[in-house]
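Reading through the structure tokens given below for one structure.
The values are calculated or read from the model by the stated rules, or taken from the named source; none is laboratory data. Treat the numbers as computed from the prediction; the structure is a model and nothing was measured. Neighbour counts run over all protein chains shown; Cβ positions are idealised from the backbone, glycine included.
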Amino acid sequence: MSTSSIISPRKLIEFTFILLNSPKLIHLKNFIFIIVLYRYGSIILNKIAVQGLRRTCIDFYLVIGGAVFKLIISTPGAKGKIQAELDKTIKELEEKIAPKEPGVPRYLSLPDVGFSDTRIREEMKRYQDMNSNVKWEDGRVSGAVYHGGKDHSKILNEAYSAFSVSNPLHPDVFPGIRKMDAEIVAMVLDMYHAPNSAGGTTTSGGTESILMACKAYRDWARNEKGITEPEMVVPETIHAAFDKAAGYFGIKIIKIPIDPSDYRVDTKAVNRAINKNTVMIAGSAPNFPHGIIDDIPTLAAIAKKHNIGMHVDCCLGSFLVPFLEEAGFPAQPFDFRIDGVTSISCDTHKYGFAPKGSSVIMYRTKSLRKYQYFFCPDWTGGIYASPTIAGSRPGALIAGCWASLMRMGRNGYIDATKKIVGCAKTIEAGISQMDDLFVYGKPLVSVVAFGSKTPKTLNVYDISDKMSAKGWNLNSLQNPPAVHIACTLLTVDHAEQFLQDLRDSINEVKSDPNRKSSETAAIYGLAASIPDKSIVNEVACGFLDALYSA
């Protein structure tokens, strides 16, 4: 090949320049530019329409800030320092959560010879006595233990013992457990005024109930509407289980801001966020952070108009919201009596007082429930089908749940609602009279969330840590900073003590203006100040790792 036949780089560049500036290609470039501009412009405009200009600007700042922050910390000097601080923080977490105390045996492998029953009982007693300084029996824990009565616990233990080897995966072997399982679902469906066409299943907890509902809507929309890029529209106060479902099942989650006037989701923004890929929307009754019930009737009407699913998360409201009116308290519509509500999750292990690991997911129709199921018809082990995520399930928990529902009865739950919600009302009224705090929204059920009127000078997390020092175990919230208490039967007799300790804690914080920020305040302050949440995730990962440090 002669050298004259080789095109020089300069001529190639000149030819490319001429080609790109030809009239026909200029039109093509303009067309491509318009398409790109339209695509990203419509995304931004839709985001503004749904979230508002202020929230969109904040999100944009977080994206840009996160990218810049990530770039800065990737430099050799900064990366090493940050990693050292992370390692230090995670080590401190492990030492706090899983201390390796001298003289305390650690079992890291099977014993060569099995322990005697007597020794096992002794060891279990030692593990039981490892409880922290917080004594749930004294009613100072937010949520966690919802009944705690000795007689109630005794019957649950008897039920567990009687059915300890049972497994609903084998209904032919354990027909009694199958019947109990079905009766639990039937009783909860009746409680939520479900139609005859309704169906449901028990699950291992509220998270699995929500996961199952989201999975059902994804599969329903794919099968019935051909949607392959599913989206769900939910309040920003919705439970994190919806984020988990989005991650597990490949569903895009769109979070809608709450109305600052009542802390309920902005239903107009929900309506604007719905598009051809939306498979479901959701609301809470009540939500976990602030204990507020969303406008379920309006959300249900929106869902019905768009022919999409409408899930009501009643995991926390469980056996309280159905009995509010009968207990003499104001209530808001939330259940299957509302046309457009297509599924509801209810935790029997909260205010149903069942053993932990028990919840119910309900659907308006059995035809919708089938999209929750899993089938494997050609497995070599035989035709396989399961109603929920788990295959084998502990029948003992089902028996315990059934025993709790039968022991309490309708009148028992109404009485419990009177006591628990009455306690929450007392606490809400007491906080509302305090000069330094305010209550978020108008809680109708068991949760009361409060914040500081002057957060720059009085940090609500510092108050929470003072309450911890007095033996209380409360829930810290963020975005915005807040603390809440979820009242239980154990809290009922301690409302006035809670309010007195809260007043004392406020005074203690205010009396020391030069105080150092508490541990909780420092953690949440750090989380709020870092635009790149991967750092926070690293700490959270360290916490989870520490849970499995033997």
* Asked: Of the residues that make up region 184-206, is at least one over 14 Å from Ile398 (Cα atoms), over 29 Å from the mean Cα position of the chain (by Cα) and not in a loop (DSSP other than H, G, I, E, B)?
  -> no
* All positions within region 439-469 that are surrounded by fewer than 21 Cβ atoms within 10 Å (Cβ to Cβ), out of contact with any helix residue (DSSP H, G or I) (no Cβ under 7 Å at 6 or more places or on another chain) and farther than 22 Å from Asp295 by Cα -> Lys453, Thr454, Pro455, Lys456, Thr457, Ser468, Ala469
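Residue-wise test of (1) surrounded by 20 or more Cβ atoms within 10 Å (Cβ to Cβ); (2) assigned to a strand (DSSP E or B).
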{"site": "Ser261", "(1), (2)": "no, no"}
{"site": "Ala300", "(1), (2)": "yes, no"}
{"site": "His311", "(1), (2)": "yes, yes"}
{"site": "Cys315", "(1), (2)": "yes, no"}
{"site": "Arg337", "(1), (2)": "no, no"}
* Out of (1) part of a loop (DSSP other than H, G, I, E, B); (2) touching a residue at least 60 places away in the same chain (Cβ under 8 Å); (3) under 30 Å from Ile58 (Cβ atoms), the odd one out for Leu489 is which? -> (3)
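Yes/no per residue for (1) of a type in the set (A, V, I, L, M); (2) under 24 Å from the mean Cα position of the chain (by Cα):
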| position | (1), (2) |
| --- | --- |
| Lys366 | no, no |
| Tyr384 | no, no |
| Pro394 | no, yes |
| Lys419 | no, no |
| Tyr440 | no, yes |
| Leu444 | yes, yes |
* Structure fact -> Quick count over region 247-274, residues being free of Cβ contacts under 8 Å to residues at least 24 places away in the same chain, charged (D, E, K, R) and within 17 Å of Asp59 (Cα to Cα), is 1
* Can you find even one residue in region 446-454 that is among the aliphatic types (A, V, I, L, M), at pLDDT 95 or above and part of a loop (DSSP other than H, G, I, E, B)? -> no
* Subset of region 231-244 [more than 18 Å from Asn479 (Cβ to Cβ) and either buried (at least 23 other Cβ atoms within 10 Å of the Cβ) or not assigned by TED's automatic domain parsing to the domain that holds His306 (or both)] -> Met232, Val233
* Structure fact -> Considering region 518-550, residues that are among the polar types (S, T, N, Q) and surrounded by 15 or more Cβ atoms within 10 Å (Cβ to Cβ), and then whichever is farthest from the chain's Cα centre (by Cα), we arrive at Ser518
* **Among (1) at pLDDT 95 or above; (2) over 26 Å from the mean Cα position of the chain (by Cα) - the single one Ser464 does not satisfy** => (2)
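Of all residues in region 470-482, which are closer than 20 Å to Phe288 by Cβ and assigned to a loop (DSSP other than H, G, I, E, B)? Break it down stepwise before answering.
First pass over region 470-482, keeping only residues closer than 20 Å to Phe288 by Cβ: 472-482.
Passing the criteria: Trp472, Leu474, Gln478, Asn479, Pro480, Pro481.
Residue-wise test of (1) under 26 Å from Lys418 (Cα atoms); (2) polar (S, T, N, Q); (3) assigned to a helix (DSSP H, G or I).
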| site | (1), (2), (3) |
| --- | --- |
| Ser468 | no, yes, yes |
| His484 | yes, no, no |
| Ala495 | yes, no, yes |
| Gln500 | yes, yes, yes |
| Glu508 | no, no, yes |
* To do: Take region 138-159 and flag every residue that is surrounded by 12 or more Cβ atoms within 10 Å (Cβ to Cβ) and assigned to a helix (DSSP H, G or I).
  => Asp138, His152, Ser153, Ile155, Leu156, Asn157, Glu158, Ala159
* Asked: Quick check: is even one residue across region 3-10 surrounded by 10 or more Cβ atoms within 10 Å (Cβ to Cβ) and at pLDDT 70 or above?
  -> no
* Please indicate, with yes or no, whether at least one residue in region 495-503 is surrounded by fewer than 23 Cβ atoms within 10 Å (Cβ to Cβ), in contact (Cβ under 8 Å) with a residue 12 or more places away in the chain and among the aromatic types (Phe, Trp, Tyr). => no
